Structures are given as structure tokens and as C-alpha cells.
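A quick write-up on the structure given underneath.
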Amino acid sequence: MKSKSLNILVLVLLIACVGCCPKAKQAIEPSQVIVTSYPSSIGEAGVAVYLPAGYETSKEEYPVLYLLHGSGDDETGWLTKGCAKHILDSLITSQLCPPMIVVMPNGYLEQTGKHYAPESRLWMESTFEENFSQLIAWTEAHYRTINNKQHRAIAGLSMGGFHTMHTAALLNQSFDYVGIFSALYVPHTKQPHSERNIEMSALALSDKPAYQQTEALLQQQFANPPQLYWIACGVEDFLYEDNVVYRQYLDEKQYPYEYHESAGGHSWQNWMDYLTIFAQKIF
């Protein structure tokens, strides 16, 4: 009888405690990646979108990083090879960078869904750069973004670094943070700086609208410079010389930038490191 009374008393106390204790916080839903498409001037183009943890249950607006892949990859390259989701989750959880949306478009608008064909150089047709404003408009219509220069960043590796350089120059008041990782650089002159880019100089300087006036576009961009223009390259990278020449050009024009030099070459290990560093410098 005594034991039964004690059990009843304990049950009553537990019920009372439930009413007076603060409710446990609901777990924030994890980050997610959506692989979808957006409308460009030549049709639907692939894009992957990273949404930070808590996006679905909050009403918050977020800054946006546009993150561009290299040759041979597509919109999933940074996710499958570059561990971008893991890097961003870790940085955001550790409060080393603010929560952000990351938009990763396919860089081959002329051959969406296909892999890099070296003989075609289709990614140098300037279609990507000229359609980028449509990607920004689509992103800002579909996601809760902060829609101004101060809350937009763009970065890319290799081919994506080339696209980053020219997109940021073409849309020269759209991005306050620019990250150029191991980028191909095509000289803004008809006199190439090395035998390797003679063919590319001819291509990029022929009739490509986004490339014809690069010097003038850079001048406009740096008249009201981005808060961060960040260049990174490994000393063993086969594009190292390109990066030296590009920095010499920026120095000559007295355009401000930050430079990060690392060991190693044209590798995902470097690009993952660059993303980790760059993400902590933006917004």
C-alpha cells in the first residue's frame, strides 16, 4: 500500500514538472541542396542551390554566394568533388561565416548536360556571362535573398575563375566579393603573354561581347571597387604564370586585391582550402 502511494506521488510530481519546465528547443532542420534548372536565353540550364540549416522554418533573408565549377564538371562538381556542403555546414555551425545561400550553376550553357570538349572552347563563347543576370533574377525570385551588391559574392575555380573574372567585370556593380581560384587568364591585348594562351587570346579577343571591352569593364568595376577581390593559386599550378601576369596587370592599374599563394597545383585540395578561406571573408 505504501509502495503504491509512493508511485502515485512520483507520477503527480512528474506531471507537475512537465508543466513548469521550459520546452525543449526544436531541432533546426539540416541544410539542403536542391538540384534544379533556371531559364536562360538559350533554354533551361542546370543549377544546384545550397540552403543553410534553418532556411525552411525561418523568415530570414540571406546573402548569396555564386560558386562556379571548372572544366569537365557541372552544377554538382563543387558538391561531389569539392565537399562544398560539408565545408559550409562546418563553417556556419562554428559561426566562422554567416548563413548563406550558395548557387552553383552549370557553366556550359551552350552544351548543358555535356562534358567539356577541349576542341570546342564553347565555354568561351561569353553566353554564360551574358546570361548571368537572368540567374541572379531567378535566384532572387525563388529564394529569400538580400538583393544588393553588399550581399552578393561570386567565386570560381579554373574555368569558373575565368567566368568569375569576366562576369564580375561585366556586371561590375553586382558583387562586393569576388574570388578567383587558380583561374585561366586571357590577356586583354592581342599580344599573348605565353605560347600556351595564343589560341585562347585569339578566341577571347575576336567577337565575344563580354570579352571585347574587359579593360573598360574592369575600370568601371574598380571605380567603385568590391570590398574584396581575392585571388588564390598554387605555386605548382599550370596556370600559375597566368595568375602572375594578371596580378601584374592589376598592380599596373593600381586596382586593389588580396592574394593567397599556396603549395600544390591545380587540385581539389587547394580549391576546398580556398573556399574555406574565402567563405570566412565575405558578408
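The values are calculated or read from the model by the stated rules, or taken from the named source; none is laboratory data. Keep in mind that this is a model prediction, so the values were computed, not measured. Note that we place each Cβ from the backbone using ideal geometry, even for glycine, and neighbour counts take in every protein chain shown.
For segment 75-87, which residues satisfy the criterion of being touching a residue at least 12 places away in the same chain (Cβ under 8 Å) and of a type outside the set (Phe, Trp, Tyr)? Let's see the steps before the verdict.
Step one: filter segment 75-87 for residues touching a residue at least 12 places away in the same chain (Cβ under 8 Å), giving 75-79, 81-85, 87.
Passing the criteria: Glu75, Thr76, Gly77, Leu79, Lys81, Gly82, Cys83, Ala84, Lys85, Ile87.
Just to be sure I understand the filter: pairs with C-beta atoms under 9 Å, separated by 6 or more residues or on different chains, first member in segment 88-107 and under 18 Å from Leu68 (Cβ atoms), second member assigned to a helix (DSSP H, G or I) and among the β-branched types (Val, Ile, Thr). Which pairs pass?
Met100/Ile92; Ile101/Thr139; Val103/Ile136; Val103/Thr139
Take the residues of segment 63-72 that are touching a strand residue (DSSP E or B) at 6+ places or on another chain (Cβ under 9 Å) and part of a loop (DSSP other than H, G, I, E, B): which is nearest to Pro98 (Cα to Cα)? Talk me through it step by step, then tell me what you get.
Pass one, segment 63-72, residues touching a strand residue (DSSP E or B) at 6+ places or on another chain (Cβ under 9 Å): 63-70.
Still in the list and also part of a loop (DSSP other than H, G, I, E, B): 63, 69-70.
Working: Pro63: 9, His69: 22, Gly70: 25 Å.
So, considering only residues that are touching a strand residue (DSSP E or B) at 6+ places or on another chain (Cβ under 9 Å) and part of a loop (DSSP other than H, G, I, E, B), the one nearest to Pro98 (Cα to Cα) is Pro63.
Do we have Ile282 as part of a helix (DSSP H, G or I), among the β-branched types (Val, Ile, Thr) and within 25 Å of Lys85 (Cα to Cα) here? Please lay out each step first, then the result.
Details: part of a helix (DSSP H, G or I): no; among the β-branched types (Val, Ile, Thr): yes; within 25 Å of Lys85 (Cα to Cα): yes.
Spelling it out, it is not the case that Ile282 is part of a helix (DSSP H, G or I), among the β-branched types (Val, Ile, Thr) and within 25 Å of Lys85 (Cα to Cα).
Examine segment 256-266 for a residue that is over 20 Å from Gln150 (Cα atoms), buried (at least 16 other Cβ atoms within 10 Å of the Cβ) and among the hydroxyl-bearing types (Ser, Thr, Tyr), and state whether such a residue exists.
Yes, segment 256-266 has at least one match.
Can you find, within segment 54-87, the residue that is farthest from the chain's Cα centre (by Cα) among those that are within 15 Å of Tyr143 (Cβ to Cβ) and buried (at least 18 other Cβ atoms within 10 Å of the Cβ)?
Here is the first cut: in segment 54-87, the residues within 15 Å of Tyr143 (Cβ to Cβ) are 54-67.
When the remaining residues are screened for being buried (at least 18 other Cβ atoms within 10 Å of the Cβ), the result is 55, 62-67.
Values: Tyr55: 18, Tyr62: 14, Pro63: 12, Val64: 8, Leu65: 5, Tyr66: 4, Leu67: 2 Å.
Only one residue tops the list, namely Tyr55.
Looking at (1) in contact with a Leu (Cβ under 8 Å, 6 or more places away or on another chain); (2) farther than 12 Å from Tyr66 by Cα; (3) touching a residue at least 60 places away in the same chain (Cβ under 8 Å), which is the one condition that is false for Phe162?
Only one criterion in (1) in contact with a Leu (Cβ under 8 Å, 6 or more places away or on another chain); (2) farther than 12 Å from Tyr66 by Cα; (3) touching a residue at least 60 places away in the same chain (Cβ under 8 Å) is unmet by Phe162, namely (3).
Per-residue answers, yes or no, for (1) touching a His at 6+ places or on another chain (Cβ under 9 Å); (2) among the hydrophobic types (A, V, I, L, M, F, W, C); (3) at pLDDT 95 or above:
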{"site": "Lys2", "(1), (2), (3)": "no, no, no"}
{"site": "Leu9", "(1), (2), (3)": "no, yes, no"}
{"site": "Val35", "(1), (2), (3)": "no, yes, yes"}
{"site": "Ser41", "(1), (2), (3)": "no, no, no"}
{"site": "Asp74", "(1), (2), (3)": "yes, no, no"}
{"site": "Cys97", "(1), (2), (3)": "no, yes, yes"}
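This table checks each residue for (1) within 20 Å of Tyr66 (Cα to Cα); (2) at pLDDT 95 or above.
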| site | (1), (2) |
| --- | --- |
| Gly113 | yes, no |
| Tyr116 | no, no |
| Leu122 | no, no |
| Ser133 | yes, yes |
| Trp138 | yes, yes |
